[in-house]
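The values are calculated or read from the model by the stated rules, or taken from the named source; none is laboratory data. Since the structure is predicted, the reported quantities are computational estimates derived from the model, not experimental observations. FYI the Cβ positions are ideal-geometry reconstructions off the backbone, even for glycines, and counts take in every protein chain you see. Side chains included, ligands, DNA and RNA excluded: accessible areas come from the protein's heavy atoms. Shrake-Rupley method; radii C 1.70, N 1.55, O 1.52, S 1.80 Å.
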Amino acid sequence: MACPRSSPPVRSTVLFLLGLALAACAPAPTPPVKGVEECSNGVDDDANGRTDCADPACFRAPACTPAVEVCDNGVDDDTNGLVDCKDTVCASLPACAPGVEQCAGGVDEDRDGKVDCEDADCATAGACQAKENCRNNADDNANGLVDCADTGCAQDPACPSTESSRCANGADDDGDGAADCADADCAAACSPSENGEAACSNGVDDDGDGKTDCADGSCVAALYCSRESACADGLDNDNDGKKDCADPDCGPSAPCVGTAELCSDGLDNDGDGQTDCADTLDCNGKSCGAGCGCAGGQRAEQACSDGIDNDFDGVPDCQDSNCSGLALCNGNSLEAGNCGDGLDNDADQKTDCADTADCPAGASCGAGCLCAASVNKEASCGDGADNDGDAKVDCLDPDCVGVVAESCGDGQDNDCDGQADCADSQCATQPACAQRDDGQPCTQDSQCKGGRCYSEAIYGFPGGACSNATNCTVGSNAGCNGGRCIETGTFDTCYAPCTGAGLPGSAGACRTGYSCIDEDVITTNNNNYCIPLCTSDAECTPTGDPAKGCNPFSKLCKRKSNGLAAYGAACTKDGDCESGFCLLANGNAYPGGYCSGLCNASQGGCGGDGQCIHDSAWGDNTGICYDGCTGDAQCRAGTAYTCQAVLTSQVCYCRGTGQGCSVGSQCCSGLCSQDMFSGASTCN
């Protein structure tokens, strides 16, 4: 319990003493007060020996808060040595987003410090590829092909044509624009000849020597023309697995008279003058070999997906006209309408949306899914399901951005761009989002009556807040639009007014993500205003990036951690602290500097183990974050800071000159002296 005091502490006493009496209940005299400290006039108004921003009463004054980087003015506004897009606070702006390296032109488009071919992104770009030297026995362009084996050497005089050895593969092997027999290199290979399975089984005298098919000596090696040489020796003379009369080669002559016609051996087995499929009476509809059937006196392809030319007509599978009537080879008859089953229904080596001929853009690939440029695309962005199988649901899926127009008044991010209602740039010209008063949500200056928007994207204000672009007048609030003009240095700023604690649901409440502050702790002068102090990610516009949201130290909607110092750490400038607030060393107060911050007292919450210190006598809802502790060992080592009770919390702290004490260890100086007249003990 706090010890009684003769009068309530003023804000300067609270900031320096951190409350009413400390745990030791030492007498803590009220410092002389000659007025309220103004924070930018160079005068010690409250006569406590500290002027303007050096006075703890000004800790939360706008004039003493760090400047914010403006990302398009060529000025280092926050004096951290980084200008505009080079400053990390500007990284998320579209104007500062890195582009794609173009690999030519001498510009570092993706901002990684490497230009054109020096950038790893250009490794496969044509402009950055080495060219193959076709005569040095080296793989100059590192593609695994050396000299003439590289297609880039096809026309080099040092490399002879390769077409002559590949005259039946349908490809232009030597890159001269002519394939197979259309290439002069294939003249010899493509001259009429009676060899090969196709030529030896087509009933034509292909080489014009008067001998057809198996009667031509050129076909002796053809499988189609193999013959059993002896039909009664008990041997399989032609190694076809059939002996003597069981081999079609032996019928119907003696000793195998009466053998039935076989439809795939090239012989007239039954002696009726018709051979194989030409013997329609005996072979029509029967097999003429694996994947082959006799039809209308001709061999016909029947296996249309085995990669083999089963009827020996020179074309396999679906390329054969015999297969054209099969569903397997009938274009999109199977894939169309089945673009989400994960199967290659038409056997064209393309599945679902990747089969753009049969599953074009707009074709359904399942519930809530549409094909788009050969890939699945989310089409239902509010059903809580991952419809396109990319492990991203609804607005977390980039496919959903812009699918539905923003409604600008329902509190929802309808178009999934991470901005809701008036915080969405699409709503900037809507009547409900134009000409907005001070403190209302915004994304750009044009929405605000005062011409200035402190947007979430740049400044971290939750949902953005309208303000003034020209100077306002403190006291009369002239130049504000429904706001309160607050002294902030050479340029005064309009903030939304609030009443008392300004809690949600009360008269004069602040918006969600903002807290009401009474800077001078005079509850009767009605000068409270709302400052940005988020308490959770839910108060920030969702971006889909888990690293962004409400920073627990700065209480702004930005990156949730910048790797800077926590509460209680030493500091020499605001930029040293994650909170953006450094209480600078001042005489015997705050030795080595002290990272602190602000907090929403009704909702609490200081980052890490910080404690939100607030006294209801202040008449507002904004507290101060200090480093929490349970013992001295948790405070900054080798310093005067110890774990002390302040109001209902334990924080790392030491008392400055003039503050009440009971023992020297409570003081930053280590000295506690008793006044001989009043009997009060204070730190030296």
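Just add up the charged neighbours of Asn471: K/R +1, D/E -1, any other residue whose Cβ is under 12 Å from the Cβ of Asn471.
Neighbour charge sum, excluding Asn471 itself: -1.
Please list log₁₀ I(q)/I(0) at q = 0.21, 0.24, 0.32, 0.35 Å⁻¹ for region 405-446, using the Debye equation with identical point scatterers on the alpha-carbon positions.
After summing over all Cα pairs, the log10 values are -0.55, -0.71, -1.18, -1.34.
Among the lysines, which fall within straight-line cross-link reach of Lys377, defined as a Cα-Cα distance under 29 Å, with same-chain neighbours fewer than 8 residues apart omitted?
Of all the lysines, those that pass the test against Lys377 - Cα under 29 Å, at least 8 places apart if same chain - are Lys350, Lys392, Lys548.
Run down the lysines and flag those whose C-alpha is under 16 Å from the C-alpha of Lys555, throwing out any fewer than 8 positions away in its chain.
none
Between Gly593 and residues 5 or more places away or on another chain, which pairs have amide H atoms under 5 Å apart, with H built 1.01 Å from N, and which residues are they?
Residues meeting the amide H criterion: Cys571, Ala585.
Residue by residue through region 555-565, which ³J(HN,Hα) values in whole Hz follow from phi under the Karplus form 6.51 cos²θ - 1.76 cosθ + 1.60 (θ = phi - 60°), with glycine and proline marked x?
6, 10, 7, 9, 5, 6, 7, 10, x, 9, 5
If you average the sequence gap of Cα pairs under 8 Å that are 6 or more apart and divide by the length of region 487-600, what percent do you get for the contact order?
Value for region 487-600: 16 percent.
Could you list which residues have their amide H under 5 Å from that of Cys667, counting only those 5 or more apart in sequence or on another chain, with H placed in the peptide plane?
Excluding prolines and chain starts, which carry no amide H, the hits are Arg655.
Express the accessible area of region 309-416 per residue in Å², computed with a 1.4 Å probe while the remaining protein chains stay in the model.
Value returned for region 309-416: 51 Å² of accessible area per residue.
Got a sec to turn the phi values of region 369-385 into Karplus ³J(HN,Hα) couplings, 6.51 cos²θ - 1.76 cosθ + 1.60 with θ = phi - 60°, whole Hz, x for Gly and Pro?
Karplus-based 3J(HN,Hα) across region 369-385 equals 10, 10, 6, 8, 6, 6, 10, 6, 9, 5, 10, 10, 9, x, 9, x, 10 Hz.
So if R0 is 25 Å, what FRET efficiency would Thr470 and Thr429 give, r being the distance between their Cβ atoms, rounded to the nearest 0.05?
Calculated transfer efficiency: 0.65.
List, in order, the whole-Hz ³J(HN,Hα) value for each residue of region 437-454 obtained from phi through the Karplus relation with A = 6.51, B = -1.76, C = 1.60 and θ = phi - 60°; use x for Gly and Pro.
6, 4, x, 7, x, 6, 10, 8, 4, 5, 7, 9, 4, x, x, 9, 10, 8
Which GluC sites (Glu not before Pro) from region 101-147 combine a DSSP loop assignment with at most 10 other Cβ atoms within 10 Å?
Those that pass, being in a loop and sparsely packed, number zero.
With the crude spin-label approximation of a point 7 Å out along Cα→Cβ, what separation in nm comes out for Asp110 versus Ser678?
6.7
Going Cα to Cα from Lys243, which aspartates and glutamates come in below 13 Å? Please leave out same-chain ones fewer than 8 positions away.
Cross-link targets: Glu228, Asp233.
Can you send over the carbon and sulfur percentage of the accessible area for region 475-530, probe radius 1.4 Å, protein chains only?
It is 53 percent, rounded to a whole number.
Residues with amide H under 5 Å of Cys288's amide H, sequence separation 5 or more or different chain, H placed in the peptide plane at 1.01 Å from N; which?
Answer set, sorted by chain and number: Gly293, Cys294.
Considering the zone a paramagnetic label at Ala354 would reach in this model (a point 7 Å from Cα along the Cα-to-Cβ line), which residues of region 385-418 have amide N under 19 Å from it?
388-391
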